[in-house]
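See structure below.
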Amino acid sequence: MRAQELAHEVAERLTRSGSPSPGPEARILVAHVLGVEPAQLLLASVTPQQRAAVDHLVELRAEGAPLQHLTGVAYFRHETLDVGPGVFIPRPETEEMVGWALRRLAERPAERRRVVELCAGSGAITAALARELGGVELHAVELSPEAHAYLVRNLDGLGVDIVLGDMADAFAELDGTVDLVIVNPPYIPEAHRQVLPSDVLQDPVMALFSGPDGLDAMRVVARVAARLLRPDGLLATEHDDSHAPAVVALFERAGFGDVASHADLTGRPRFVTAAAPPGDGRIGL
Ligand SMILES: C[S@@+](CC[C@H](N)C(=O)[O-])C[C@H]1O[C@@H](n2cnc3c(N)ncnc32)[C@H](O)[C@@H]1O
């Protein structure tokens, strides 16, 4: 059977099971099983064993497994990352914040590009910073041992200082010396657990929920950034699209300067940036 024909058939099955983008997903699944790029499907043919493998993946997808768990990879900017159950799947919503960070870092001399990523997950943000801009000194921390295993694999060879632990007390040795703290923390209010779509709930709980208002981790981020940043250091943090005013207020209350809200690629408010607060790195939050 021709691969292209199978991809059409799979797309119809995925449409019936409610997939949001059946055509591209079908091509990705068939190409994954054949071990080729989706662009090469036109010339490929499929063995009965490969067809059975595709059928199995289509069933799993119809049952709600994320596409990225079936293929084992996720794409983020120019990166291809290993992912699976136990690690947050990087989202396109985060890509604009990385673009902002790259522009700000590029303005600084190479010896002033010390970056800490908190809540690093698969390492998507740090990998993009490492490969898209030279001379960045990178440190990344992640609390979940399962996610940490992916982090180590995805950042292999990039020279990143990787820590398994709680961001709250990570990198004390860098206090007051960091140029940029960047983070995509957990930010969903606990109460939303009942109403989230099933594909989001496939991400680890630790990656998603953050107390009654969704801002528990954000308060920790403010405290950690305040102690890590040098006096002219910068912070960038992603947030829920409904939290922009609350996150801006949180960083202003903590004494950060130039607090600004930014939109993601779809135009929704998605990340806040700020300048280090003056003082000794301790804030009243
Ligand atoms: C929304 S995910 C973001 C992952 C990755 N940075 C990205 O953008 O794809 C949040 C991550 O923070 C981790 N995490 C949660 N609490 C943490 C803490 N106190 N210290 C360090 N990491 C934490 C979770 O395990 C999860 O991997």
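Looking at the stretch 76-97, which of its residues are open to solvent by 70 Å² or more (accessible area, probe 1.4 Å), within 12 Å of the ligand (Cβ to nearest atom) and free of Cβ contacts under 8 Å to residues at least 60 places away in the same chain?
Passing the criteria: only Arg77.
Modelled with pLDDT of 95 or more, open to solvent by 30 Å² or more (accessible area, probe 1.4 Å) and either away from the ligand (no atom under 13 Å from the Cβ) or in a helix (DSSP H, G or I) (or both), is that true of Ala226?
Answer is no for this residue.
Here's a check for you: in the stretch 98-119, which residue that is among the hydrophobic types (A, V, I, L, M, F, W, C) and within 16 Å of the ligand (Cβ to nearest atom) is farthest from Gly233 (Cα to Cα)?
Ranking the qualifying residues of the stretch 98-119, first place goes to Cys119.
Tally time: how many residues in the stretch 217-232 are within 13 Å of Gly255 (Cβ to Cβ) and out of contact with any helix residue (DSSP H, G or I) (no Cβ under 7 Å at 6 or more places or on another chain)?
Result for the stretch 217-232: 6.
Which of the residues spanning the stretch 32-61 are under 21 Å from Ser198 (Cα atoms) and buried (at least 18 other Cβ atoms within 10 Å of the Cβ)?
Leu57, Val58, Arg61
Taking the stretch 120-141 only, how many residues are assigned to a helix (DSSP H, G or I) and near the ligand (Cβ under 9 Å from one of its atoms)?
3
Taking the residues in the stretch 62-75 that are of a type outside the set (Gly, Ala, Ser) and under 19 Å from Pro197 (Cβ atoms) as candidates, determine which candidate is surrounded by the most Cβ atoms within 10 Å (Cβ to Cβ).
Residue satisfying both the conditions and the ranking: Leu67.
Going by the conditions given, is Asp179 more than 11 Å from the ligand (Cβ to nearest atom), in contact (Cβ under 8 Å) with a residue 12 or more places away in the chain and in contact with a Lys or Arg (Cβ under 6 Å, 6 or more places away or on another chain)?
The answer is yes for Asp179.
Output the number of residues of the stretch 161-176 satisfying the condition of being without any contact (Cβ under 8 Å) to a residue 40 or more places away in the chain and either within 12 Å of the ligand (Cβ to nearest atom) or within 17 Å of the chain's Cα centre (by Cα) (or both).
5
Is it the case, given these coordinates, that Ile188 is more than 22 Å from the chain's Cα centre (by Cα) and open to solvent by 10 Å² or more (accessible area, probe 1.4 Å)?
no
What residue, of Asp232, Asp213, is in a loop (DSSP other than H, G, I, E, B), in contact (Cβ under 8 Å) with a residue 12 or more places away in the chain and surrounded by fewer than 23 Cβ atoms within 10 Å (Cβ to Cβ)?
Just one listed residue meets the conditions, Asp213.
The values are calculated or read from the model by the stated rules, or taken from the named source; none is laboratory data. Remember, predicted model here, so these are calculated numbers, not experimental data. Cβ coordinates were reconstructed from backbone atoms using ideal geometry, including for glycine residues, and neighbour counts include every protein chain displayed. Just so you know, the surface numbers come from the protein's heavy atoms only, side chains and all, with ligands and any DNA or RNA stripped out. Shrake-Rupley method; radii C 1.70, N 1.55, O 1.52, S 1.80 Å.
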